[in-house]
Amino acid sequence: MQDITHILQALEAGDLAATDQLLPVVYAELQRLARQKLAHEAPGQTLTATALVHEAYLRLVGQSAEQEWDHRGHFFAAAAESMRRILIENARRKKRLKHGGDHERVDLPEISAPALEQPDDLLSLDEALTLFAEEDPQKAELVKLRYFAGLSEQEAADVLGISRATAARHWAYSRAWLYHQMRGDTDQLV
């Protein structure tokens, strides 16, 4: 397997051929991360893993002139952030009135079944995560890597350069903080 770091450095140096080398190397990993994330999305999601990967990749490579990639983990952290933004934009688009607004999507075979409760609102998660990033950027980055990129605890710890035990503690705290924020609890977590 080619060294992703070297390809990323060539890409930021302006080598257009590096773009052709990068996609085959990272595609399978990005596809796996996208499938994991989309598996947790609400039923009726129209965005496919392939579309999510392609959009994220185009955004990453398109900004490469101004982006400096330090290493493989840095690239995948940026990919996680890019996928997060795409999913947020997609959720906002679907909430617009011309795209159905507050109407709930129901598949035809399920018409007779009672409407299922909506999963956690992605937009309120995004708002809470933005606030959390102001308070603790590293823990917010961990949430992005775990939730939006679908990385395991160990993979996220490796990307952030922290131990797995620290990642586990940060993950537990982050989930509790976000849960309370999204529920509107005003008490601070200690």
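The values are calculated or read from the model by the stated rules, or taken from the named source; none is laboratory data. On a predicted model such as this, the values are computed, not experimentally measured, just so you know. Virtual Cβ from ideal backbone geometry, glycine too; neighbours counted across all protein chains shown. Side chains are part of the model used for accessible areas, which takes the heavy atoms of the whole protein and leaves out ligands, DNA and RNA. Shrake-Rupley method; radii C 1.70, N 1.55, O 1.52, S 1.80 Å.
The residues of region 16-49 that are of a type in the set (Ser, Thr, Tyr) and over 16 Å from Ala149 (Cβ atoms), listed by number, are Thr19, Thr46, Thr48. Check region 54-62 and report whether any residue there is modelled with pLDDT under 75, in a loop (DSSP other than H, G, I, E, B), out of contact with any Ser or Thr (no Cβ under 8 Å at 6 or more places or on another chain) and among the small types (Gly, Ala, Ser). For region 54-62, residues modelled with pLDDT under 75, in a loop (DSSP other than H, G, I, E, B), out of contact with any Ser or Thr (no Cβ under 8 Å at 6 or more places or on another chain) and among the small types (Gly, Ala, Ser): absent. Would you check if Arg169 is outside any loop (DSSP other than H, G, I, E, B), among the charged types (D, E, K, R) and modelled with pLDDT of 90 or more? Judged against the criteria, Arg169 is a match.
Tallying residues that are open to solvent by 60 Å² or more (accessible area, probe 1.4 Å) and in a helix (DSSP H, G or I) within region 143-166 yields 5. Scanning region 39-53 for residues that are crowded, with 16+ Cβ neighbours inside 10 Å and modelled with pLDDT of 75 or more, we see that the one that is farthest from the chain's Cα centre (by Cα) is Leu47.
Out of Arg146, Arg164, which single residue is at pLDDT 80 or above and over 19 Å from the mean Cα position of the chain (by Cα)?
On the way: Arg146 fails: over 19 Å from the mean Cα position of the chain (by Cα).
Just one listed residue meets the conditions, Arg164.
Pairing residues of region 155-173 that are polar (S, T, N, Q) with residues that are open to solvent by less than 60 Å² (accessible area, probe 1.4 Å), at Cβ distances under 8 Å and at least 6 apart in sequence or on separate chains, gives Ser163/Ala157; Thr166/Ala157.
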